[in-house]
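Engineer: The structure is given below, and queries will be raised subsequently.
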Amino acid sequence: MPSTVPTWDELLGGARTSAVHLEMRDSYAVDYEAGPFAEWRAGARPDPDDRASWWRPWHSLIQKTVSRGVVVRRARIVSEPVSEYIRYEHDGTFKNILAGEQVRWLPRRRASDIALPGNDFWLIDGRLIRWNHFTGEGASGGGEISEDPAAATLCAAAFETVWSRAVPHDQYKIS
């Protein structure tokens, strides 16, 4: 196992064919008092036509990765009714899609019989895992890299099962 966690540029820059990301939390640490989530809670919404106001280095990295022919897919397992944070994520997902990601949503009740890893992850080319660890409050607990074949097989199977059941972003309606 590599001793250091590569940067996102290194991780996605090394992807040859695929990068898949599974998110399973209903909330990630956000500042309720300041920042983008607080602004969203106050009614601000990003303007899809004003790319300069919301385009970030992450979007550029995804766009560059996809332009090399790498397929980038993100699946989110969510409880329903969704949390306020998931509403915020859903509203902003158009940015991921414009950058080149494919995104789907799976209601948690439809995931009950799927063998899922204990943590969110990125799986690169079906073999390299970047585990995303979080604290109980949703703050980043750091990343970890693994090339364990059994774990990669579990992640790939879990992701593909979630993906096959999930609803494409443009069809997933939050009530």
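Engineer: What list of ³J(HN,Hα) values in whole Hz, one per residue of the range 27-33 in order, does the Karplus curve 6.51 cos²θ - 1.76 cosθ + 1.60 (θ = phi - 60°) give from phi, with Gly and Pro shown as x?
Structural biologist: 7, 10, 4, 9, 8, 6, 9
Engineer: Dipole size in debye (nearest 20) for the chain around its Cα centre, Lys and Arg Cβ +1, Asp and Glu Cβ -1?
Structural biologist: About 540 debye.
Engineer: Quick one: what are the phi-derived ³J(HN,Hα) couplings along the range 129-145, Karplus 6.51/-1.76/1.60 with θ = phi - 60°, whole Hz, x for glycine and proline?
Structural biologist: Calculated HN-Hα couplings, in order: 9, 10, 6, 10, 9, 9, 6, x, 8, x, 6, 4, x, x, x, 8, 9 Hz.
Engineer: Assuming a ≥ b ≥ c are the square roots of the Cα gyration tensor eigenvalues, decide whether the range 48-95 counts as rounded (a/c under 1.5), prolate (otherwise, with a/b larger than b/c) or oblate.
Structural biologist: Oblate is the answer for the range 48-95, as a/c is 1.5 or above yet b/c matches or exceeds a/b.
Engineer: Amide H of Gly141: which non-local residues (sequence gap of 5 or more, or other chain) have their own amide H closer than 5 Å, using H built in the peptide plane?
Structural biologist: His133, Phe134, Thr135
Engineer: Calculate how many DSSP beta bridges within the range 8-171 are antiparallel, expressed in % of all such bridges and rounded to the nearest 5.
Structural biologist: Approximately 60 percent, going by the DSSP bridge assignments.
Engineer: Kindly state, to the nearest 0.05, the FRET efficiency for Lys64 paired with Ala42, given R0 = 30 Å and r defined as their beta-carbon distance.
Structural biologist: After rounding to 0.05, the efficiency reads 0.35.
Engineer: Determine the distance separating the Cα centre of the range 98-133 from the Cα centre of the range 26-49; give it in Å without decimals.
Structural biologist: 23 Å
Engineer: Also, quick follow-up: How far, in nm, would the chain grow between Glu33 and Asp9 when pulled straight, counting 0.36 nm per residue and subtracting the alpha carbon separation?
Structural biologist: 5.6 nm
Engineer: Same structure again: Where does the chain land at 222 nm, in deg cm²/dmol rounded to the nearest 500, when only DSSP H runs of n ≥ 4 count, each adding -39500 (n - 2.57), divided by all residues?
Structural biologist: That calculation yields -10000 deg cm²/dmol at 222 nm.
Engineer: Here's something else I'd like to know. Near the amide H of Trp105, under 5 Å away, which other amide H atoms are found, from residues 5 or more places off or on another chain, if H is placed in the peptide plane?
Structural biologist: Arg76, Val167, His169
Engineer: Need one word for the range 52-175: rounded, prolate or oblate. Basis is the Cα gyration tensor (sqrt eigenvalues a ≥ b ≥ c); a/c below 1.5 gives rounded, then a/b vs b/c decides.
Structural biologist: It is rounded, given that a/c, with a ≥ b ≥ c, falls under 1.5.
Engineer: Another question, if that's okay. Could you tell me which of rounded, prolate or oblate describes the range 108-167, using a ≥ b ≥ c as the square roots of the eigenvalues of the alpha-carbon gyration tensor, with rounded for a/c under 1.5 and, failing that, prolate when a/b is larger than b/c and oblate otherwise?
Structural biologist: Numbers: a/c = 2.19, a/b = 1.14, b/c = 1.92.
Oblate.
Engineer: Return the FRET efficiency for the residue pair Asp170, Glu147: r is the Cβ-Cβ distance, R0 is 35 Å, and the value is rounded to the nearest 0.05.
Structural biologist: Here the calculated transfer efficiency is 0.50.
Engineer: With a cap of 10 neighbouring Cβ atoms within 10 Å, and only residues DSSP puts in a loop, list the GluC sites (Glu not before Pro) found in the range 1-91.
Structural biologist: Glu33
Engineer: Here's another thing I want to ask about it. Which value in nm describes the separation of the simple spin-label points at Thr17 and Ala115, placed 7 Å from the Cα toward the beta carbon?
Structural biologist: 2.2 nm
Engineer: Please list, ordered by chain and number, the residues whose modelled amide H lies under 5 Å from the amide H of Glu80; skip anything fewer than 5 residues away on the same chain.
Structural biologist: Excluding prolines and chain starts, which carry no amide H, the hits are Arg108, Arg109.
Engineer: When ranked by the protection proxy of mean other Cβ atoms within 10 Å per residue, highest first, what sequence do the peptides 13-20, 71-78 form?
Structural biologist: So the peptides 13-20, 71-78, ranked by packing, come out 71-78, 13-20.
Computed from the coordinates by the stated procedures, all read-outs in this text should not be read as laboratory data. None of these values were measured; they are calculated from a predicted model. Ideal geometry is used to build each Cβ from the backbone, glycine not excepted, and the neighbour counts take in all protein chains shown.
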